[in-house]
1. Whose amide H sits under 5 Å from the amide H of B:Q153, counting only residues 5 or more places off or on another chain, with H placed in the peptide plane?
2. Return the FRET efficiency for the residue pair A:T245, B:W70: r is the Cβ-Cβ distance, R0 is 51 Å, and the value is rounded to the nearest 0.05.
3. What percent do you get for the relative contact order of chain B when only Cα pairs under 8 Å and 6+ apart count?
4. Any idea what the relative contact order of the stretch B:247-339 is, in percent, if you count C-alpha pairs under 8 Å spaced at least 6 apart?
5. Using the heavy atoms of the protein chains alone and a 1.4 angstrom probe, what is the accessible area of the stretch B:22-107 per residue in square angstrom?
6. Charges only on Cβ, +1 for Lys and Arg, -1 for Asp and Glu: so what's the dipole of chain B about the Cα centre, in debye to the nearest 20?
7. Can you list the residues of the stretch A:24-58 that have at least 10 square angstrom less accessible area with all protein chains present than in their chain by itself, probe 1.4 Å?
8. With a 1.4 Å probe and every protein chain left in place, work out the accessible area per residue of the stretch B:282-406 in Å², rounded to a whole number.
Amino acid sequence: MGLARFIAIKLANTLILLVIVSVIISGLFAPVMDQYARATIEEQIRAELQNPDLQRSFGGNSTAIQEYINQRRAQLYKQYELDKPLIYRIFKRAFDALLFKFGKSYSLQAPDGTRDINKLLLSRFPPTIILFTTATIITAILGIFLGLQAAKKHGSLFDKSLAVYSLFSYSIPTWWIGMIFILIFSFQLGLFPLGGMHSIPPPKDPLESFIDLLWHLALPLFTVVLVSFGGWAYVVRNIVIETITQDYIMVARAKGLPESRVMYHVLRAAAPPIVTMVILSILGSLGGAIITETVFNWPGMGVLYWQAITQNDLPVVIAEGYFFAFLYVIAMFFAELMYGLLDPRVRVQW
Amino acid sequence: MVEWKEIKMKSLEFWRAFKREKLGLIGLGILILLVILAALAPFIADPNTMKEWRNPKYWEDNPQGVPPEWISIFTGKSYAKQEIKEPHLVKMENYSTTRVEYWEVKYDYQYDVPPSGIQIKLSTVIKNPANPPLLIIDFIRPDNEKLELLRKQVTSESLTLNLHLEESVKRAALSFARKCGDVEVEGKSLSEITAPMVMSILFSQKGTGMSNPGKAKPLKGEYIIEFMIIFNAPEEKVKSFEVRFLGRVYGLLGTDDTGRDLFSGIIWGIWVAMVIGLIASSVSVMIGVLYGVISAYASGIKSEILKRINDIFYVMPVLPILIAMAAAWKPSIWNIALLIALFGWPGTAVVVKSMALQIKEEPFIEAAKAVGASDAKIVFRHIMPQILPYAFATIALSVPTAILTEAGLSFLGLGDPTIPTWGQILHDANARLATVRGMWWWIIPPGFMIALVGLSFAFIGMALDKILNPKLVK
């Protein structure tokens, strides 16, 4: 199969998946959204009825009041499209989401004071990239390097301790390590701030501001890298070992190729899954980590999600839900694409 | 009977292989230890923990926010333990309309660090609420200094007084420290005097620094607290009287700031973690195995649909969805386990599908087909037995993930609120700023236990995986 056709099929699949996923998310939240919309409408009508001019016009006639309420309700239902079937709203919201029309939040504000969700998301994006994408890149480099070393010397003490370490980090909550580090390094030793991204007030000078950012970044970055690189190293080690045991590598060794040439062959064969992992993690890192960000009070996407949940700001919750899901779908697409480019065998299977 | 022998032989063979895996044995050892601890929970920890965890009244008699007893080993100091004493009536004076009762309690103080507080529980009969009895409390130190701590009308028939928090006690302590020449309190206002400072002033040798819990030298000896109660009617009397010297340390793991015994919470939490971890992981692996095998057998459009559904669950952002669901429904622990399972199976399904596809092509399956075995028989008799070992390894390996997910939800305050879980203890610790207050005994043990349980399963799962997946051995 040609590369173009492979890409076209993958792209079509991804688009279908995007549509299905956004319809599902829209459907999951539709009942709550409707409930909230109805409550808002009732509240608005009640507020309107407090208007003294309106009250005078009724003259205490209860049927007239009831009629007014019914009429206003019908109007507002029409305005919010509540008169249409539920399925219509589900699909409408899903397609709005696909076009990044997230609308307005209930209460959370973007930095410019508006309730525009797109602006809100964009404002929380850079902190998450600064922390988690940086952490993912460091982790990937460290993990690939250590994993290769472990695979070269498999069975050695280094290899075994790496395996144990990766199991440790697999079972430990990152956010708990964060709490411990805050306790030790911030509270006891006073070396790092207790949380946040900038000092209050932030320094004016750009250089000082940058140093201030690094100072706040150090502890959360260290925490995330420390807990994640073990798993990376272990997976890379396993992929490489699986490649080393293949027959063609044995042949390469048997015919006397120098070790560096052999490693080239190994890496070329082990690259696709590792590259896939890198892509998935880097795109995944854009979503941040809800709990870790909460512990460090880091104003990123994760904390925003948590704020939206606790303040019952449904549009923001849903928008971030779409965002996280889209991120995964797109990451999968790029990962499969890279896999197909690096490993032509995959293309044939389709 | 032949089959039974076969199973026995296979398990023995498996055990021999497992015994060679050091990590697996360590994991199994930790797991057995944890199960024993959990089984002993009613005897070694407070048996009512599960029921009363959310009831602050149940824990109010404990000292609040104090570290474990064994810290004295590291600091070399002795800390006041919790002591409950009953004052006794010394003398009584009758006048025309009033009766004065003198009560006292003796406290032999031989520690380096004073109690975290003094709590008085006085229950009385009051005749006329408009003219209640009067209570006066004096504090006499071994160096014969006498402080009037409090003068208060007893307006409630059951009165609980926390002396270390009372305004008048703070005032008395502050002026006493000033009188003794403590320069550290010079210029300090009443609002700057904390409970630990009050207790330090009351129980330390006179001199500068006596208000500083870190510097003060303890004044050991016999302390007397004198109570004078003036009753205004003959029917009025003391029903019960108790003085609690609140411990400076408590139990094996200390208390949180509402006085809950953290050791009890941690021990009972083992049950919760195990239940969540095992239910969530076994249900999700079960779904995954079934789904994988069915997918391997489906063909054409059915196979395509199954693959799509798998993809959809695979890309769903699990934690955000779980958080949204937990916030909307406030689920019980069982529902949380099932929710985690509901989103945990796609990975397993993919692997099982590819395994089943491979097995399907093996000659012995073809042979079975040739002799007329049904699909169901082939799946359950020939394919499942080959997949089950992998399934067990996967169950063990996904326990840590399930426990971490539950702990994360609880940490955000979205867990089952009726029972103690480690994530919830950490949630409370975080909400009450335990990190910036340095209350390490509230933060370290719960996370340590999460890691320990996860680790034991991860070790076991790893060993299983190694035995069953020969490529990884060398």
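The values are calculated or read from the model by the stated rules, or taken from the named source; none is laboratory data. Since this is a predicted model, take the numbers as computed values, not measurements. Here the Cβ positions follow ideal geometry from the backbone for every residue, glycine too, while neighbour counts run over all protein chains shown. Note: accessible area is taken over every heavy atom of the protein model, side chains too, but ligands, DNA and RNA are not part of it. Shrake-Rupley method; radii C 1.70, N 1.55, O 1.52, S 1.80 Å.
1. B:L135
2. E(calc), rounded to 0.05, equals 0.50.
3. Taking the mean separation of contacting Cα pairs over the length of chain B, I get 21 percent.
4. Computed over the stretch B:247-339, the figure is 29 percent.
5. 60 Å²
6. For this selection, approximately 1180 debye.
7. Listed in order, they are A:I24, A:I25, A:L28, A:F29.
8. 47 Å²
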